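The next block holds one structure in the form of structure tokens; read it before the comments.
The values are calculated or read from the model by the stated rules, or taken from the named source; none is laboratory data. This structure is a prediction, so every number in the text was calculated from the model and none was measured. Quick reminder, even Gly has a Cβ in these numbers, built from the backbone with ideal geometry, and neighbours come from all protein chains shown.
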Amino acid sequence: MTRFRSAVLSGFAFVGFGALLLAQAPPAQHPAASNPHLGNRESIRGGMTLYRVRCADCHGLDATGYRGPDLIAAMVYA
């Protein structure tokens, strides 16, 4: 294949992939901005119960780690 043909095919591929990227939907808002559970007492209580039942054995009640990793530090770096 000649250099010219390779350059033309690469250009078409570049433009095609660029068009696909532009055709995607715009990024959603930050998840916290559209969180329906934020401030909902029942949702918060349910989440706390779920954490205590499924997660606290390894991560500790305060999420600083026991047998599992420290979730507080993981949230800081996320």
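Overview of results
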{"item": "Selected residue (criterion: modelled with the lowest pLDDT) from residues of the range 56-74 that are over 20 Å from the mean Cα position of the chain (by Cα), of a type outside the set (Gly, Ala, Ser) and not in a helix (DSSP H, G or I)", "result": "66"}
{"item": "Any hit, the range 8-16, residues being exposed (fewer than 12 other Cβ atoms within 10 Å of the Cβ), at negative phi, modelled with pLDDT of 85 or more and small (Gly, Ala, Ser)", "result": "yes"}
